[in-house]
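Below you'll find the structure, written out as structure tokens, and then a few comments.
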Amino acid sequence: MYRAFFAGRPEGELEGCSPPAPTRVLESESPEGVVRKFLLPVPPPERLSGRELPEALETESVVIPMRGRHATTHTLCVSSQVGCAMGCGFCETAQMGLIRSLSPAEIVAQWWAATHSLGATIKNIVFMGMGEPLDNPGGVIGAIAALTDRRGAAVAMKNITVSTVGRIDGLLKLRERVVTDGWKRLNLAVSINAPNDEIRDSIMPINRAMPLGELVRVLEEWPLRPSGAICAEYVLIPGVNDKPEHADELAELLKNIRCCVNVIPYNPRRNSPWPAPEEASVDSFLARLEARGQFCKRRRTKGRDTMAACGQLGNEQIRGRKLVQVGLG
């Protein structure tokens, strides 16, 4: 595992190297246990025109307790980039702009820190932290290969999920890997977040280049294992995408995709123009989807008070112009 972690470094640099330890750990209580957000140092890019950056950057990751029928397990939410270029209006990370992508070793370092520094036993890994995973396919695929290696972390492929805003070019690249032996049980989550192009354009700039219709066609043909399903993530934002007719339209949009709609009550970012939704609104939206025959569930909110919940990771000191880059990074 030691040499796999530092894969790609010159042999002479391995001596004395060790993965970084967290610089800060923030804890918050949840009904299922303590949620821990931790920060790891990473070097800044060599040059970034027009941007003032601190001497060292940090990744943010979250260890999330998940209570099951018989035991509580832990899920690790990892980052694939420092910042993000996708520009989604509801996401704290997007307010940073993209600083740089992480290497496979820097992604694996987050598992190492959770396991060896925090002492957590990690069952599941979700690429839902800072960054757009399919904007960094080389780093993400390389990290998954290391994390699932039986000589290393030995995380089961069925316990790893890659989440994307819907980068069609990245999805096609990931599909090439998913159809190969050893990768067929990798899980996919896609941030849909709107029932139509008009709403999605307003909150997710990627949709202007890669609209819902094209994305849905790719998902309809996604190579799922017999028991598999795509996770269609839907951040419920008051006054934006939470009306009953939005639920009806969403169910119609996804009718030919084997999926579960994961309704995520919006976690306000810093200086958010929207509040968190009321519980009654969340319950009503779920009930409407169920009435239309759409399988769905609610994502439980954890870590909101330490900015560790879904969509809240990011450094408020680093704010830049948000860009959507269509080519694979």
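With the simple model of a label 7 Å out from the Cα in the direction of the Cβ, Met66 to Ser18 spans 3.1 nm. Between the amide H of Thr59 and those of Leu40, Val42, distances stay under 5 Å, these residues lying 5 or more places away or on another chain, with hydrogens modeled in the peptide plane. Given +1 at the Cβ of Lys and Arg, -1 at the Cβ of Asp and Glu and no other charges, the dipole of the range 166-292 around its Cα centre is 620 debye to the nearest 20.
Along the range 199-206 the Karplus relation, 6.51 cos²θ - 1.76 cosθ + 1.60 evaluated at θ = phi - 60°, assigns HN-Hα couplings of 6, 5, 4, 6, 10, 9, x, 4 Hz to successive residues, with x for each Gly and Pro. If the segment from Arg225 to Ser202 were pulled out straight at 0.36 nm per residue, it would be longer than the present Cα-Cα gap by 4.9 nm. Restricting the GluC sites (Glu not before Pro) of the range 200-260 to loop positions (DSSP other than H, G, I, E, B) with no more than 12 neighbouring Cβ atoms within 10 Å leaves Glu221. Relative to the current alpha-carbon distance between Ala156 and Ser281, full extension at 0.36 nm per residue lengthens the span by 41.4 nm.
In sequence order, the range 63-72 has phi-based couplings of 9, 10, x, 10, 7, x, 5, 10, 7, 9 Hz under the Karplus curve 6.51 cos²θ - 1.76 cosθ + 1.60, θ = phi - 60°, and Gly or Pro positions carry x. Around the amide H of Cys296, modelled in the peptide plane, lie the amide H atoms of Val261, all under 5 Å away and 5 or more residues distant in sequence or on another chain.
Between His74 and Met66, Lys123, Asn124, the built amide H atoms are under 5 Å apart, and every one of these is 5 or more places off in sequence or on another chain. Evaluating 6.51 cos²θ - 1.76 cosθ + 1.60 at θ = phi - 60° for every residue in the range 175-181, the Karplus couplings come out as 4, 4, 7, 5, 7, 8, 4 Hz, glycine and proline recorded as x.
Each peptide in 79-87, 60-68 was scored by the mean count of other Cβ atoms within 10 Å over its residues; highest first, the order is 79-87, 60-68.
In this calculation the C-beta distance from Glu252 to His116 is compared with R0 = 56 Å, giving a FRET efficiency of 0.75. Neighbour counts of C-beta atoms inside 10 Å place Ile264, Ile125, Ile230 in the sequence Ile230, Ile264, Ile125, starting with the fewest.
Read-outs throughout are calculated quantities, based only on the coordinates presented, and are distinct from any laboratory measurement. The structure presented is a predicted model; accordingly, all values stated were derived computationally and were not measured. All Cβ positions, glycine included, derive from the backbone under ideal geometry; neighbour counts span all protein chains shown.
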